[in-house]
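The structure under discussion appears below in the form of structure tokens.
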């Protein structure tokens, strides 16, 4: 870790930090000098990433959290404050999808869970983190959306809708919280090489099936977790302090 890190001295909470985008962001933020608070529903995954970071000499803690539950989100925020005394960046990364299928094949219980994890979590994040940011007179939210909000794929209607909500909530939060010096941005990744890949594809991950999806991405490859991590570092960096309300497409040109 260099003293010249772009996030030196900052504290970042990353939900869904035990795999995929969250894991990559945790490593990227730590390399830039941030202290990391990982939230994940999978205790083993969160502890694994936390152990990797501490073995490298970084400061990190892991918390078991269901982002759809207010008490869990409150505990996550409190754990960060108790350990590090401040919060500079709140990354709302935890998310889920229904398998690619006709819209009426998604049952009501799954729909409710989908919106609780992908949308209600933003509300709970704001409820528990905005007061902290207001006391500090600074703060930064980064919400992980999807190109599904911009160019929706068939078979993912309710997931697409949940990510559309992320985009609009991001912009509305940015306007409302700007007087408090709180920035709010989001990242819209394209189809990515993460544990959710086959869920989005709705089919086996074969070379032939990948080729069909890659044909929709001008740069000709899937999004990688590190692509999102690099974008998140930029949005968290104090050098981007005049950037708010941006929904940054990290998509290899798919939404053009």
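Values quoted throughout were computed directly from the atomic coordinates according to the rules given, and no laboratory measurement underlies them. The model shown is predicted, which means the values in this text are computed figures rather than measured ones. FYI the Cβ positions are ideal-geometry reconstructions off the backbone, even for glycines, and counts take in every protein chain you see.
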Quiz item: Can residue 143 be described as under 18 Å from the mean Cα position of the chain (by Cα), closer than 24 Å to residue 231 by Cα, free of Cβ contacts under 8 Å to residues at least 60 places away in the same chain and not in a helix (DSSP H, G or I)?
Solution: yes
Quiz item: In this structure, does residue 12 turn out to be over 15 Å from the mean Cα position of the chain (by Cα) and buried (at least 24 other Cβ atoms within 10 Å of the Cβ)?
Solution: no
Practice problem: Determine, yes or no, whether residue 23 is surrounded by fewer than 16 Cβ atoms within 10 Å (Cβ to Cβ), touching a helix residue (DSSP H, G or I) at 6+ places or on another chain (Cβ under 8 Å) and on the phi < 0 side of the Ramachandran plot. | Solution: no
Quiz item: Does region 234-248 contain at least one residue that is part of a helix (DSSP H, G or I), under 16 Å from the mean Cα position of the chain (by Cα) and buried (at least 21 other Cβ atoms within 10 Å of the Cβ)?
Solution: yes
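Quickly run through region 133-158 and pick out the residues that are farther than 27 Å from residue 110 by Cβ and either buried (at least 17 other Cβ atoms within 10 Å of the Cβ) or out of contact with any helix residue (DSSP H, G or I) (no Cβ under 7 Å at 6 or more places or on another chain) (or both).
133, 135, 136, 137, 138, 139, 140 - these are the residues of region 133-158 that are farther than 27 Å from residue 110 by Cβ and either buried (at least 17 other Cβ atoms within 10 Å of the Cβ) or out of contact with any helix residue (DSSP H, G or I) (no Cβ under 7 Å at 6 or more places or on another chain) (or both).
One residue is enough: does region 194-203 have a residue meeting the conditions within 15 Å of the chain's Cα centre (by Cα) and either surrounded by 14 or more Cβ atoms within 10 Å (Cβ to Cβ) or within 30 Å of residue 243 (Cα to Cα) (or both)?
Taking every residue of region 194-203 in turn, at least one turns out to be within 15 Å of the chain's Cα centre (by Cα) and either surrounded by 14 or more Cβ atoms within 10 Å (Cβ to Cβ) or within 30 Å of residue 243 (Cα to Cα) (or both).
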Self-check item: Count - residues of region 204-225 that are outside any loop (DSSP other than H, G, I, E, B) and surrounded by 14 or more Cβ atoms within 10 Å (Cβ to Cβ)
Solution: 6
Exercise. Could you identify the single residue in 38, 76, 53 that is under 16 Å from the mean Cα position of the chain (by Cα), surrounded by 22 or more Cβ atoms within 10 Å (Cβ to Cβ) and within 20 Å of residue 233 (Cα to Cα)?
Key: 38
